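Enquirer: Dropping the structure in here first, questions after.
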Ligand code: NAP
């Protein structure tokens, strides 16, 4: 069967996450970048010119994209909407503006897959990690009926820092996680910066990331929630306490996690649960081009996962976990890691869009 090619646009294509979208989508088997857009400051420029002093990805800018002209996200909505089936949203602007922009695109028959938090708490918008809650996409049907949208819609992915341990929590779901304490140490690319553009981070740690702890404490409850009559019943029996630190790492968010369960699993049960979680994801691996070879890489060595060795596991789409040990205050402790701009942002959004195509939500 010949695979249909879908036309995709990137809103915020010049930023850190936008650049990651450009690299991930340039040779994608299902998606072709038809449109790129950013602020009025960049609109009208060739992509190469707009990012010349801030291209942060490994390798050079893909040639076809380098020569594309940027549109304005807000002023050129009609033109962009005509040229795409899906837009990936990676804008860094005021939440109310993003909410309006995403609604505008959805109302013009565009499926919006967003990295932004603006719609994460909207009850009809699914917040998705494909391996964790693929069934939540059913909300899209109700959303389309509510707004009378035929092909348009809004789907969001959760915050980048919770990806690594949410995957583990899903794998251990049968033991009923009840209490979690997490400290995440987050890379500077999570703030759209590099160590060059943020020299104050060199040798430094900043003990606060605006809004991040609240997101880390609440978003997992929706992602792990149960679909019930076109609504998500949040996992209210789970409580999370989070501390989020910015550290001088370019890419890769690490988390130190303590977790207690309704029934404490044994070490062997945890390993078996991780293995069967990986096996249960085989259909994704076979069907979706961006799915990692296995969702969770587990390490026995005490010194793993390490940012430099493990953030690119599964082409940056896998999460890595190690330091699994029984705790004094919590049943189990572990350390987990995910690449924040791949699994945590652009890659996670691309995988979500692939899932929506496979589920028949994109005509
Ligand atoms: P960024 O590097 O600052 O990029 C921001 C983008 O937004 C640029 O393309 C910029 O265009 C565009 N923009 C700014 N003001 C605009 C306006 N008034 N109208 C239209 N476009 C405008 O930010 P980022 O790190 O890529 O993050 C983008 C979003 O993804 C944020 O909401 C962030 O929270 C989320 N996110 C980031 C990560 C991460 O690891 N970095 C992970 C998950 C989610 P110009 O270049 O023209 O100014």
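Bear in mind these aren't lab numbers, they're just calculated from the coordinates by the rules spelled out. Bear in mind the structure is a predicted one, so any value in this text is a computation, not a measurement. Positions of Cβ are generated from backbone atoms using ideal geometry, with glycine treated the same way; all protein chains shown enter the neighbour counts.
Enquirer: Quick one: what do you get for the chain if you divide its Cα Rg by 2.2 N^0.38 Å?
Expert: Normalised Rg, Cα atoms only: 0.95.
Enquirer: Given a 10 angstrom Cα cut-off, can you work out which residue in 282, 350, 182 is the most mobile in a GNM of the chain?
Expert: Fluctuation is largest for 282.
Enquirer: Further question: How many angstrom lie between the Cα centre of region 263-333 and the Cα centre of region 1-68?
Expert: 31 Å
Enquirer: Rounded, prolate or oblate: which fits region 158-231 when a ≥ b ≥ c are the square roots of the eigenvalues of the alpha-carbon gyration tensor, with rounded for a/c under 1.5 and prolate only if a/b beats b/c?
Expert: Working: a/c = 2.96, a/b = 2.27, b/c = 1.31.
Here region 158-231 falls in the prolate category.
Enquirer: May I ask you to compute the full-extension gain from residue 173 to residue 3, defined as 0.36 nm times their residue separation minus their alpha-carbon distance, rounded to one decimal in nm?
Expert: Numbers: separation 170, 0.36 × 170 = 61.20 nm, distance 3.51 nm.
Gain on extension, residue 173 to residue 3, equals 57.7 nm.
Enquirer: Moving on to the next point. Using a basic spin-label model with each label point 7 Å from the Cα along Cα→Cβ, how many nm lie between residue 75 and residue 287?
Expert: 4.2 nm
Enquirer: Another question, then. Please find, in a Gaussian network model of the chain (springs between Cα atoms separated by less than 10 Å), the residue of 92, 145, 235 whose mean-square fluctuation is greatest.
Expert: 145
Enquirer: Here is a follow-up. Using Cβ contacts closer than 10 Å as the measure, can you line up 253, 28 from fewest to most?
Expert: 28, 253
Enquirer: Averaging sequence separations of C-alpha pairs under 8 Å and six or more residues apart, then dividing by the length of the chain, give the relative contact order as a whole percent.
Expert: Answer for the chain is 16 percent.
Enquirer: A further question follows. Give the calculated FRET efficiency between residue 266 and residue 197 to the nearest 0.05, with a Förster radius of 51 Å applied to their Cβ-Cβ distance. Could you put the intermediate results ahead of the total?
Expert: Values: r = 47 Å, r/R0 = 0.92.
Working from the Cβ atoms, E equals 0.65.
Enquirer: Could you list 54, 20 so that the one with the fewest beta carbons within 10 Å of its beta carbon is first and the one with the most is last?
Expert: Ranked by crowding around the Cβ, least crowded first: 54, 20.
Enquirer: Okay, moving on. Just 78, 310, 331 to compare: in a GNM of the chain, with alpha carbon springs under 10 Å, which one fluctuates most?
Expert: Of 78, 310, 331, the most mobile in the Gaussian network model is 78.
Enquirer: In nm², what is the average projected area of the convex hull enclosing the Cα atoms of region 175-215?
Expert: If you wrap the Cα atoms of region 175-215 in a convex hull and average its projections, you get 4.1 nm².
Enquirer: A further question on this structure: Using the count of nearby Cβ atoms within 10 Å as a rough guide to exposure, how do 16, 97, 104 rank from fewest to most? The partial results should precede the final answer.
Expert: Details: 16 25, 97 13, 104 17.
By the 10 Å Cβ count, ascending, the order reads 97, 104, 16.
Enquirer: In degrees from 0 to 90, rounded to the nearest 10, what is the angle of the helix 212-223 Cα long axis to the longest principal axis of the chain?
Expert: 90 degrees
Enquirer: Starting from the Cα gyration tensor of region 94-149, take the square roots of the eigenvalues, sort them a ≥ b ≥ c, and report rounded, prolate or oblate (rounded when a/c is under 1.5, otherwise prolate if a/b is larger than b/c, else oblate).
Expert: Numbers: a/c = 1.95, a/b = 1.21, b/c = 1.60.
In terms of gyration-tensor shape, oblate.
Enquirer: Moving to a separate point now. Work out, in µm²/s and without decimals, the Stokes-Einstein translational diffusion coefficient of region 236-287 at 4 °C, 1.567 mPa s, Rh from Kirkwood over C-alpha pairs.
Expert: Translational diffusion coefficient: 88 µm²/s.
Enquirer: When DSSP beta bridges are limited to those with both residues in the chain, what percentage is antiparallel, rounded to the nearest 5?
Expert: Restricted to the chain, the bridges split so that about 45 percent are antiparallel.
Enquirer: Determine the percent antiparallel among the DSSP beta bridges restricted to region 163-321, to the nearest 5.
Expert: Given both bridge residues lie in region 163-321, the antiparallel proportion sits at roughly 50 percent.
Enquirer: Using a ≥ b ≥ c from the Cα gyration tensor of region 211-363 (square roots of the eigenvalues), is it rounded, prolate or oblate, where a/c under 1.5 gives rounded and otherwise the larger of a/b and b/c decides, a/b for prolate?
Expert: Verdict is rounded for region 211-363.
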